[in-house]
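Read through the structure below, which is laid out as structure tokens, and then see the notes.
The values are calculated or read from the model by the stated rules, or taken from the named source; none is laboratory data. If you're wondering where the values come from, they're calculated on a predicted model, not measured in any experiment. Cβ placement follows ideal geometry from the backbone for every residue including glycine, while neighbour counts extend to all protein chains displayed. Just so you know, the surface numbers come from the protein's heavy atoms only, side chains and all, with ligands and any DNA or RNA stripped out. Shrake-Rupley method; radii C 1.70, N 1.55, O 1.52, S 1.80 Å.
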Amino acid sequence: MIQMRHIIDLCDLTEKEFSDLYKLTTNIIDRPEGYTDACRGKVLGSLFYEPSTRTNLSFSTAMMRLGGSVVGFSDPGSSSTTKGETLKDTINMVSSYADMIVMRNPREGAAKAASMYSSVPVINAGDGGHLHPTQTLTDMVTILRMRGSADDMKIGLCGDLKYGRTVHSLLHFLERYHNVQIYLIAPDVLGLPDYMIQFLKEHNMPYCEVKSIDDALPELDVLYMTRIQRERFVTAQEYQNLEGNYQLTAEKLKRAKKDMLVLHPLPRVDEIAQDVDDDPRAVYFRQARFGMFGRMALLLTLSKLPFIRAGHQDIGSHGVKCSNHKCITKTESYLPLEGKVGERCPYCDAPLEMLL
């Protein structure tokens, strides 16, 4: 049984807790009809402050398949946020109505902040470019279900590694497995951020940086593709010059191992060609379905936890500020922020600076 009330990072789970969650997921996959009333009478508060298709629908479908119901919003323009309501007040209000809260917010660290004021479990459905734990749950269920283990694995992470929260979450979680070799396949402008490189070094996770998907493909057991956004580049020509290096086609797949898995958090644009879809190694649509079952297991587990009122939190910062302009502390000034200059922000992991 999971003991914490919130899922901000999948690494919040101990190895046993994740193992239990994975076992429950596989049980639901194999016998979904046995769980149709498992959350009867429970209510999920769904707060999506930015657009989402898969994650939003996946959580709603998961709760309904368990017999529960869903309330909330998928457009902050239809919420009291437009009237200036703080995140703290929104969470206090919704946690009075719902048994669990799932939240996506463009501000990094928003889920951590929400958990400080909620009296029910908060699930992070993505906080800016920071973390996306239930996508990592989806990824790990796919890898374990189809490969049997994440140990002794060569995994290539391709595309937008700088802003890709799915990549950051997955790397955090892969730290607990043995002999995982990481290939970072990205243009310089979208390379893994420094704090994540530091994380790999601190945890002795071997990695190499590769400029083209072709260079790494024959070595990989898993290829994790992500979308490269044109708007990240200064000019359209700069994007076009690099585009082919980070696109997977059926022709390129001929160089890959026969049992390599191709994953993608979706949505895709053109980084995976349509002619890849029929290849048995392309498992990204099955991956999305596994995600729904994983979220069913997570909601069912959290629904069994006791109701605990959140404690009082100190107000304001104490001599430091976060260096990340996308951090939740930039807009929610009441949030407590302590630490030393250079230490990681407790909300978004970026370095702390002196408060001027």
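Solvent exposure of the chain, expressed per residue, is 43 Å² of accessible area, with all protein chains present and a 1.4 angstrom probe. When only alpha carbons are used to place a centre, segment 11-69 and segment 130-172 end up 19 Å from one another. Express in % the proportion of alpha carbon pairs of segment 45-134 at distances exceeding 17 Å. Pairs farther apart than 17 Å: 43 percent. Return the percentage of antiparallel bridges among DSSP beta bridges fully within the chain, rounded to the nearest 5 %. Counting DSSP beta bridges with both partners in the chain, the antiparallel share is about 10 percent. What does the C-alpha gyration tensor say about the overall shape of segment 5-161? Classify as rounded when a/c is under 1.5, otherwise prolate if a/b is larger than b/c, or oblate. Verdict is oblate for segment 5-161. Per residue, the convex hull spanned by the Cα atoms of segment 168-227 amounts to 89 cubic angstrom. Distant-in-sequence amide contacts of Val70, defined by a placed amide H-H separation under 5 Å and a gap of 5 or more residues or a different chain, comprise Leu44. A cut-off of 5 Å between modelled amide H atoms, ignoring neighbours fewer than 5 places along the same chain, links Gln181 with Met153, Lys154, Ile155.
As an exercise, take the mean of 1/r over every pair of distinct alpha carbons in the chain, invert it, and state the Kirkwood radius in angstroms. Roughly 21.1 Å, rounded to one decimal. By the rule of a C-alpha distance below 29 Å, with chain neighbours fewer than 8 residues away ignored, the lysines paired with Lys257 are Lys23, Lys154, Lys162, Lys201, Lys211. Listed peptides 178-184, 10-16, 136-142, 107-113 appear in the order 107-113, 136-142, 178-184, 10-16 once ranked by packing, highest mean of other Cβ atoms within 10 Å at the front.
For the chain, the mean residue ellipticity at 222 nm estimated from helices alone is -9500 deg cm²/dmol, where every DSSP H run of n ≥ 4 contributes -39500 (n - 2.57) and the total is divided by all residues, rounded to the nearest 500. In order along segment 207-219, the Karplus-derived 3J(HN,Hα) couplings, from 6.51 cos²θ - 1.76 cosθ + 1.60 at θ = phi - 60°, round to 8, 9, 9, 10, 8, 9, 4, 4, 5, 9, 3, x, 8 Hz, and Gly and Pro are given as x. Per-residue SASA remark: Glu338, around 110 Å² accessible (1.4 Å probe; ligands, DNA and RNA not included). The portion of the accessible surface of segment 22-73 made up by carbon and sulfur, rounded to a whole percent, is 52 (1.4 Å probe; DNA, RNA and ligands excluded). Within the shell of other residues whose beta carbon sits under 15 angstrom from the beta carbon of Ala150, the net charge comes to -3, with Lys and Arg scored +1 and Asp and Glu -1.
Considering only the other residues whose Cβ falls under 13 Å of the Cβ of Gly68, what net charge follows from Lys and Arg at +1 and Asp and Glu at -1? My count for the surroundings of Gly68 gives +3. For segment 126-211, the carbon plus sulfur part of the accessible surface works out to 43%, probe radius 1.4 Å.
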